[in-house]
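Take a look at the structure below.
The values are calculated or read from the model by the stated rules, or taken from the named source; none is laboratory data. Treat the numbers as computed from the prediction; the structure is a model and nothing was measured. Note that we place each Cβ from the backbone using ideal geometry, even for glycine, and neighbour counts take in every protein chain shown.
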Amino acid sequence: MTKRSFYWVLQIIGWSTYAAISIFFLFLADNLAVLNIASIILWAIWFLFSTHLFRSYIKKNNWLKISLKGLLPRILLATFLLSISNYIFNVITLIAFDLINYANDFSPLLILTNVFAIMVFYFLWTLVYLIYHYVDNYNKSLKYEAAINEIELNKLKSQLNPHFIFNALNSIRALVDEDPIKSKKAITQLSSILRSSLILNKNKLTDFNDELETVKDYLELESIRLEERLKTQFEIEVGSDKFKVPPLMIQTLVENGIKHGISHLKEGGKLSIQTKVIDSKLHIIIKNSGHYINGKHKKSKGFGIDNTIQRLNLIYGDHASFNIQNDKNNTVLTEVIIPQII
């Protein structure tokens, strides 16, 4: 159903309900004459016609873009004028059907009461109409924001694969002349990682266990190049597998730690990955040998940090956090906290 069709369905149902209730009260008052019923139907038609004209006026004059402070007096004045016109139409109808009582129907108190009652109907109609459009516009803005976020996420994810492939190929290149056998093994390992990353990259989130397998494949690839200079450790808490994480996020941070930390140390270093589940949130703690100075790695800021921060903001908003700092014993500590998304 289109918005226009939906509008007319609500209009017809709403004012038909008004007419049905009014006729029901006539029945209770034992005043169910044909002319009385006809007059009520005409009044309902006038309500439908006048509110439709009022809707056109609202749209033409962009009332939906006016602030509440400026909109309220306009609504009060418009609904008052509409109620006056409606009351005049009602009087004309009663005169035409010879149902008017000149002695009672034109008393000032009755006129004010009728005008006020009709004004309430118009005011309620306007309120419902404006609320519907404000909610509709809000939903549109959310959908637009979600679409922009999706585009940005795809952009960030598209940056990860070329970046990762470039670094991995550089690592393999260093092995080709030095150790052809290891280079062949590295190429096989890279093929396995790329196969996994291509599958993962289709989704906004992936299972933690799948991401962990990719990380382990990557570390095996790096261990071929760095040999005994790279030591790894895993402490994965039970329940971590129930969480989903952005694809290649942990791998990117691990790569960042090796490239900007461990690989620059002559003696190499250690990289550990630890997870904790606290208050339905997954804490991912990555420690690597190296140093972080003034918010930057000693050699370079690192691609992975900016990418991770942006992706976390786009996916989780304020519900996720990222922190990187120097820890004791010449170690860089990176911690990501993400909520559980069902």
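So if I check each of I58, I13, I40, which one is surrounded by 13 or more Cβ atoms within 10 Å (Cβ to Cβ), within 45 Å of the chain's Cα centre (by Cα) and hydrophobic (A, V, I, L, M, F, W, C)? After applying the criteria, what remains is I58. If you check T188, T214 for being at pLDDT 80 or above, of a type in the set (S, T, Y) and under 14 Å from V245 (Cα atoms), only one passes: T214. Of all residues in the stretch 26-59, those being assigned to a helix (DSSP H, G or I), more than 23 Å from T79 (Cβ to Cβ) and without any contact (Cβ under 8 Å) to a residue 24 or more places away in the chain number 5. Looking across K182, K244, K204, one residue alone is of a type in the set (K, R), surrounded by 13 or more Cβ atoms within 10 Å (Cβ to Cβ), more than 16 Å from V336 (Cα to Cα) and within 28 Å of the chain's Cα centre (by Cα). It is K204.
Against the definition (under 22 Å from I66 (Cβ atoms), surrounded by 13 or more Cβ atoms within 10 Å (Cβ to Cβ) and modelled with pLDDT of 90 or more), how does Y122 come out, yes or no? So Y122 fits the description; yes. Looking across the stretch 243-261, just one residue is farther than 17 Å from Q274 by Cβ and at pLDDT 90 or above, and that is K244. When the stretch 76-106 is limited to residues that are of a type in the set (G, A, S) and surrounded by fewer than 17 Cβ atoms within 10 Å (Cβ to Cβ), the one that is nearest to N36 (Cα to Cα) turns out to be A96. Residues in the stretch 63-70: is at least one at pLDDT 90 or above and either assigned to a helix (DSSP H, G or I) or under 28 Å from I131 (Cβ atoms) (or both)? So far as the stretch 63-70 goes, no, none of its residues is at pLDDT 90 or above and either assigned to a helix (DSSP H, G or I) or under 28 Å from I131 (Cβ atoms) (or both). Annotation: V238 fulfils all but one of (1) among the hydrophobic types (A, V, I, L, M, F, W, C); (2) part of a loop (DSSP other than H, G, I, E, B); (3) touching a Lys or Arg at 6+ places or on another chain (Cβ under 6 Å); the unmet one is (3).
Scanning the stretch 73-81 for any residue that is more than 45 Å from the chain's Cα centre (by Cα) and at pLDDT 90 or above turns up nothing.
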